[in-house]
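Chemist: I'd like to ask some things about the structure below.
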Amino acid sequence: MEDTNVFFIHGFDHKSVYLSLARLKMAAVFLVMLYEYSPLFYISVISLCFVVTAAMVLGWFGFDVPVILRSSDETESVLPVPEKRMVQVTNPFALEMGSSGVASVTEGVSLRPCCLESCVLSCYWGCGVHALQGALQTHQHGPSRLSTPQQFQEALHFQYHHCQSFHIGGEDGEEHYTEIPAELRITDFGLLPRERYPLVALLTLAEPEARDTYNIVASVTVVHVPDDKYSLSARILFQYLLTAQGNMYELKSLFMSAESMGLSGATDPAPSAEIPPEPPGKEEEEKIPGMEDEEEWSEVGKAKDCVVCQNAPVNRVLLPCRHACVCDGCVHRFQHCPICRAFVLESFALSQEPPMEEEDEVEEE
């Protein structure tokens, strides 16, 4: 059976070679005829077609030809998508919008933190945009890190209208209501572009011992709260993680189906953060999850719903579009996202388990 398969493959290759050589010979004869009987213009056109055809034939048999002469499918298979390594770390902070329907500058807003350790939630109303950017720059390049509410207030230079703090117990999940005092008489923060964020929520570890345990020491969340000038519903705009080494990373959501997450009704995936765990200077960038515990993270990607083959678990996140929709085997077959058609610069794996080996099916005669 094995000899038959080998003979069939070699026979197919010889036939292709003969057909290609025959076509080249016919094209050459036709070119000679045009050279004898046709004007120079037609000779130039046919010569160009001959060169392109010859280059394509040579490219099919493995010879190096310009990329512009190759098909899109061939180019994508030759140029694999670069891969980022993923490193899992523990993020002690999580903050979501509360379930209360009331949310405005005049009536306040509810926030629901869920932390692994005892934390301090500091709510800064009317925080200056430039002041927040300066504070984050201070954490990255300043002599000290912003790991406490006091250090953050000093870095903001007290450029906010009101600050309210709450002590958060570990994993309590209780909602906390924050509002601007009525005596300040603040009903809006002006027209766009604004100079102040409506609300900036800071989560820091309450115990000094915990700061030595976790690499992530603070979480900064920028929240939009509707007012008289801008009535967009309350939502989280940005979330940043501050590390003990002075790095800052933005949390971004992954776009994946509820089945891939093992959820029945939820459609919002858990955020992830691009965080290199090694000190600056390391060439390879690495990818880690942002707000998931170990059990949830190990369950990601186990559903067999790859949008390409429909037979393997989703285990690849495409960047920069952040669609989690393909398996380990299909990610190397194209360079455009199958969901949004965006160009894929790189990808990272949801789990470090080795990909499933595909069984080779041999048809016996």
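Chemist: Mind checking whether some residue in the stretch 183-204 is part of a strand (DSSP E or B), over 17 Å from Cys123 (Cβ atoms) and in contact with a Leu (Cβ under 9 Å, 6 or more places away or on another chain)?
Modeler: no
Chemist: Just one of (1) part of a strand (DSSP E or B); (2) closer than 21 Å to Thr106 by Cα trips up Ser231, so point out which.
Modeler: Evaluating Ser231 over (1) part of a strand (DSSP E or B); (2) closer than 21 Å to Thr106 by Cα leaves (1) as the failure.
Chemist: Another one. What tally of residues in the stretch 164-182 results from selecting those that are outside any loop (DSSP other than H, G, I, E, B) and either among the charged types (D, E, K, R) or more than 20 Å from Asn91 (Cα to Cα) (or both)?
Modeler: 6
Chemist: Could we say that Gly169 is within 32 Å of the chain's Cα centre (by Cα), more than 18 Å from Ile236 (Cβ to Cβ) and surrounded by fewer than 16 Cβ atoms within 10 Å (Cβ to Cβ) here?
Modeler: So Gly169 passes the test.
Chemist: Of everything in the stretch 205-220, what is assigned to a strand (DSSP E or B) and either among the hydrophobic types (A, V, I, L, M, F, W, C) or surrounded by fewer than 24 Cβ atoms within 10 Å (Cβ to Cβ) (or both)? Give them in sequence order.
Modeler: Correct list: Leu205, Ile216, Val217, Ala218, Val220.
Every read-out reported here was derived from the displayed coordinates using simple, explicitly stated rules and does not represent laboratory data. What you are looking at is a predicted structure, and each value in this text was computed from that prediction instead of being measured. No Cβ is skipped: glycine too gets one built from the backbone with ideal geometry, and neighbour counts run over all protein chains shown.
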